[in-house]
Amino acid sequence: MTSSKKFFCLVTIAISFAGPAAALAGKCTGNNINNLVSWDQTEIGKGTTHATLRVTSVTVNDDPSASSHLVSGECIGVCVMTPDGKTKCSGTCARADKDGDVLNEEWVSANDTGDKGMWKNTGGTGKFAKAANTGQWEVHKLQGKMTAVRWTGNCQ
């Protein structure tokens, strides 16, 4: 795998962690700022590569009064890159707020390059126990191992 393709995959995966925490009812938007901690890949055979990743993540909600504003934690994921150049990624995130309440999220890429996808909150603890928000995300490269994931969705 070329270094540019590897970097793109890293960025794509790191960006995949884009969902927000519970917010005010209705449409919600924001960015996750992610830092790649680890990327381990293995060529399985005949051009198929399997990779695992870990990132740290901070959610910056467009509405600073939303409960999802400034929750932080980690995301883990897995990607499969196939010989035809397609990438499919999925994973989970757990982010905590200043009170220690944790918001859980699942995410999956929804295109062949892995840089756009869907997210959903899957509950958590405290104020996030019933979080069931859903939405879309798109990755934007920053410097080095950093990415910004722009997300939009419907929050309850």
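If you go through the range 115-129 and keep only what is basic (Lys, Arg) and without any contact (Cβ under 8 Å) to a residue 40 or more places away in the chain, you end up with just Lys116. For the range 55-70, the set of residues classified as touching a Cys at 6+ places or on another chain (Cβ under 8 Å), of a type outside the set (Ser, Thr, Tyr) and within 19 Å of Gly100 (Cβ to Cβ) consists of Asn61, Ala66, listed by residue number.
Being surrounded by fewer than 19 Cβ atoms within 10 Å (Cβ to Cβ), assigned to a loop (DSSP other than H, G, I, E, B) and either of a type in the set (Gly, Ala, Ser) or at pLDDT below 95 (or both), is that true of even one residue in the range 20-32? The answer is yes, given that some residue of the range 20-32 is surrounded by fewer than 19 Cβ atoms within 10 Å (Cβ to Cβ), assigned to a loop (DSSP other than H, G, I, E, B) and either of a type in the set (Gly, Ala, Ser) or at pLDDT below 95 (or both). Taken together, the residues in the range 39-62 that are part of a strand (DSSP E or B) and surrounded by 15 or more Cβ atoms within 10 Å (Cβ to Cβ) amount to 14. Can you report the number of residues in the range 103-156 which are under 17 Å from Val60 (Cα atoms), assigned to a strand (DSSP E or B) and either modelled with pLDDT under 95 or out of contact with any Lys or Arg (no Cβ under 6 Å at 6 or more places or on another chain) (or both)? Residues flagged as under 17 Å from Val60 (Cα atoms), assigned to a strand (DSSP E or B) and either modelled with pLDDT under 95 or out of contact with any Lys or Arg (no Cβ under 6 Å at 6 or more places or on another chain) (or both) within the range 103-156 amount to 23. Return a yes/no flag: does the range 73-84 have any residue that is among the aliphatic types (A, V, I, L, M) and over 22 Å from Thr42 (Cα atoms). No: the range 73-84 contains no residue that is among the aliphatic types (A, V, I, L, M) and over 22 Å from Thr42 (Cα atoms).
Whenever a residue of the range 131-156 is touching a residue at least 12 places away in the same chain (Cβ under 8 Å) and surrounded by 22 or more Cβ atoms within 10 Å (Cβ to Cβ), its partners that are small (Gly, Ala, Ser) and part of a loop (DSSP other than H, G, I, E, B), lying with C-beta atoms within less than 6 angstrom and at least six residues away or across chains, give the pairs Ala131/Ala22; Trp137/Ala18; Val149/Ala18; Trp151/Ala18; Trp151/Gly19; Cys155/Ala23.
If you scan the range 65-85, which residues turn out to be part of a loop (DSSP other than H, G, I, E, B), surrounded by fewer than 16 Cβ atoms within 10 Å (Cβ to Cβ) and at negative phi? Walk me through it before giving the result.
Restricting attention to the range 65-85, the residues satisfying the condition of being part of a loop (DSSP other than H, G, I, E, B) are 65-71, 82-85.
Filter again for surrounded by fewer than 16 Cβ atoms within 10 Å (Cβ to Cβ), leaving 65, 70, 82-85.
Once the filter is applied, which keeps residues that are part of a loop (DSSP other than H, G, I, E, B), surrounded by fewer than 16 Cβ atoms within 10 Å (Cβ to Cβ) and at negative phi, the range 65-85 yields Ser65, Thr82, Pro83, Asp84.
The set of residues in the range 86-102 that are surrounded by fewer than 17 Cβ atoms within 10 Å (Cβ to Cβ) and in a loop (DSSP other than H, G, I, E, B) comprises Lys86, Lys98, Asp99, Gly100.
The values are calculated or read from the model by the stated rules, or taken from the named source; none is laboratory data. Small disclaimer: the values here were computed from a predicted structure and weren't measured. We place every Cβ from the backbone using ideal geometry, glycine too, and count neighbours over all the protein chains shown.
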